[in-house]
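The values are calculated or read from the model by the stated rules, or taken from the named source; none is laboratory data. All figures in this text were calculated on a predicted structure; none of them were measured in a lab. Using ideal geometry, Cβ is built from the backbone for each residue, glycine included, and neighbour counts are taken over all protein chains shown.
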Amino acid sequence: MKVLVIGGGAREHALCRSLSLDPDVTALHCAPGNAGIAEVAEAHPVDALDGAAVADLAAALGADLVVVGPEAPLVAGVADAVRSRGIPAFGPSAEAARLEGSKAFAKSVMASANVPTARSYVCATPEEVDAALDAFGAPYVVKDDGLAAGKGVVVTDDLAAARSHALDCMGVPPMPSRQWGKVVIEEFLDGPEVSLFAVTDGETVVPLQPAQDFKRALDGDEGPNTGGMGAYSPLPWADPKLVDEVLRTVLQPTVDELRRRGTPFSGLLYAGLAITSRGVRVIEFNARFGDPETQVVLARLKTPLAGLLHAAATGTLASFPPLRWSDGAAVTVVVASHNYPGTPRMGDAIEGLAEADAVEGAYVLHAGTARAESGAVVSAGGRVLSVTATGTDIAEARGRAYESVSHIHLDGAHHRTDIAARLS
Ligand code: AMP
Ligand code: GLY
């Protein structure tokens, strides 16, 4: 099978690594990739957001499967463009990707499908914002309706800060009122968060194993929200029945509802969940693999990946054999550029990659990296590396991941030191 992966983050490096280990994969390509991906796949300098260019590349390569990693190309219709050429694509249509692209749309699907989520108001005017903030009280949860790379959400006890984020999201001021965007204001959910992924062909839903992500920039869950600073899997503290329950109450009803609406969802359905005292609630849906959770989930998946993704892309998941998992654990630690999640500093040399890779059970997945003309690997994004390790249990995997991180040198970089330290 010839496979083309779209994207260039650590998630795509993890996908490419797993695909490169799959004996059914005869050729592996990526666009645009990064310095690490280029070591396991042939990288092509094609814009991931340009559906026609991606479809042309897939056709020229004779690809049997295109795997679209990030949300922006999905929302832009890249999977549709590939499918329109008769090439199987793993990833939802632009219509179905609205499950991630619009929080208001996701809320409406959940309401129709009876999926448990936070109560919410979709607000379009400052008056509606004030009424919603007043109705829920602190802590306030204010979400940009559109895509914001994990940074559009503010959770705060400060009413003025909540109100000002809401107005920012809506564009009030400077935009004229007829152009104001929407903002979602919702009830605060407490309890640990879980990321659960499912592979689906629009009908059959195959859940993967759960992981936990660390969204805040700083140790102790302090600082601003980020795309994710680390993750681990499995979750020793979670109820063993959790996956079955979420399949029954969240994943299957959502997939069924989207099919009923005439916009079937195929690809990866990501449920971000809060395990509250009143039960499981959906915090958000994403329409693609999570980053950095994919790094730890795929580290433990023993079933070859290409066949699974191809079955989802071709509507044949119902006859796919049960997934096989390693009994061990995996931990990933993200190394981020100076100032991330603000505007990151880029172009700094990264040293120690070979030493980091040499740690037993550990490997370095690249996110924002590029190869300079000198041949040196340099930083080229906010999240730079996702250092991943497996072990017999979380403690061993964690120790190996941090030992590996200790070999890396990148000026001004930062990482959390408490990934998987306290487990829930
Ligand atoms: P989202 O982009 O919707 O995943 O939100 C990013 C992060 O904000 C989540 O991972 C949570 O940590 C936090 N968050 C979002 N919604 C809520 C909520 N209703 N209650 C508490 N925290 C939330
Ligand atoms: N790690 C969170 C996300 O992928 O959205």
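Of the listed requirements (1) in contact with a strand residue (DSSP E or B) (Cβ under 6 Å, 6 or more places away or on another chain); (2) within 16 Å of ligand 1 (Cβ to nearest atom); (3) not aromatic (F, W, Y), R278 misses just one: (1).
Screening A60 against (1) crowded, with 19+ Cβ neighbours inside 10 Å; (2) closer than 22 Å to A27 by Cα leaves a single unmet condition, (1). Beta carbons closer than 6 Å, at least 6 apart along the sequence or on distinct chains, pair a first residue in region 155-171 that is within 16 Å of ligand 1 (Cβ to nearest atom) with a second that is at pLDDT below 95 and charged (D, E, K, R) for C169/D144. When L423, L410, L365, L323 are checked against the criterion of being over 23 Å from K215 (Cα atoms) and touching a residue at least 40 places away in the same chain (Cβ under 8 Å), a single residue qualifies: L323.
Might you check whether a residue that is within 16 Å of ligand 1 (Cβ to nearest atom), under 18 Å from T263 (Cβ atoms) and under 21 Å from the mean Cα position of the chain (by Cα) occurs anywhere in region 78-98? The answer is yes, given that some residue of region 78-98 is within 16 Å of ligand 1 (Cβ to nearest atom), under 18 Å from T263 (Cβ atoms) and under 21 Å from the mean Cα position of the chain (by Cα).
Note on region 207-314: enclosed helices (runs of 4 or more DSSP H) holding 1 or more residues that are in contact (Cβ under 8 Å) with a residue 24 or more places away in the chain and within 17 Å of the chain's Cα centre (by Cα) are 293-300, 305-313. Within the bounds of region 48-61, is there any residue that is within 21 Å of the chain's Cα centre (by Cα), modelled with pLDDT of 95 or more, within 22 Å of A312 (Cα to Cα) and of a type in the set (D, E, K, R)? No: region 48-61 contains no residue that is within 21 Å of the chain's Cα centre (by Cα), modelled with pLDDT of 95 or more, within 22 Å of A312 (Cα to Cα) and of a type in the set (D, E, K, R). The single condition from (1) of a type in the set (D, E, K, R); (2) more than 26 Å from G382 (Cβ to Cβ); (3) free of Cβ contacts under 8 Å to residues at least 40 places away in the same chain that D47 fails is (2). The residue of region 172-218 that is surrounded by the fewest Cβ atoms within 10 Å (Cβ to Cβ), among those that are aromatic (F, W, Y) and away from ligand 2 (no atom under 16 Å from the Cβ), is F188. The sole residue among A160, A132, A138 that is surrounded by 20 or more Cβ atoms within 10 Å (Cβ to Cβ), more than 26 Å from A72 (Cβ to Cβ) and more than 25 Å from the chain's Cα centre (by Cα) is A132.
Here region 170-206 is the region considered, the condition is being among the acidic types (D, E) and part of a strand (DSSP E or B), and the residue that is nearest to the chain's Cα centre (by Cα) is E193.
Among residues that are among the small types (G, A, S), more than 30 Å from L309 (Cβ to Cβ) and within 14 Å of ligand 1 (Cβ to nearest atom), A124 is not included. Does T343 fit the bill of being in contact with a strand residue (DSSP E or B) (Cβ under 9 Å, 6 or more places away or on another chain) and without any contact (Cβ under 8 Å) to a residue 24 or more places away in the chain? For T343, the condition - in contact with a strand residue (DSSP E or B) (Cβ under 9 Å, 6 or more places away or on another chain) and without any contact (Cβ under 8 Å) to a residue 24 or more places away in the chain - is not met. Scanning region 261-270 for residues that are aromatic (F, W, Y) and away from ligand 2 (no atom under 16 Å from the Cβ) gives a single hit, F265.
Looking across region 15-40, the residues that are under 15 Å from K2 (Cβ atoms) and assigned to a loop (DSSP other than H, G, I, E, B) come down to D22, P23, D24, V25, T26, V40. Taking region 102-125 as the search range and keeping residues that are within 16 Å of ligand 2 (Cβ to nearest atom) and buried (at least 22 other Cβ atoms within 10 Å of the Cβ), which one is farthest from C169 (Cα to Cα)? Ranking the qualifying residues of region 102-125, first place goes to A106. The condition of being small (G, A, S), under 25 Å from V141 (Cβ atoms) and either in contact with a Leu (Cβ under 7 Å, 6 or more places away or on another chain) or surrounded by fewer than 24 Cβ atoms within 10 Å (Cβ to Cβ) (or both) does not hold for G262. A residue that is away from ligand 2 (no atom under 16 Å from the Cβ), of a type outside the set (K, R) and closer than 19 Å to G91 by Cβ cannot be found anywhere in region 271-287. Hey, can you tell me all the residues within region 346-357 that are more than 23 Å from the chain's Cα centre (by Cα) and in contact (Cβ under 8 Å) with a residue 24 or more places away in the chain? Residues satisfying the conditions are G347, D348, A349, I350, E351, G352, L353, E355, A356, D357. Residue check: is E187 among the charged types (D, E, K, R) and more than 10 Å from ligand 1 (Cβ to nearest atom)? Taking the combined requirement at face value, the residue does not satisfy it.
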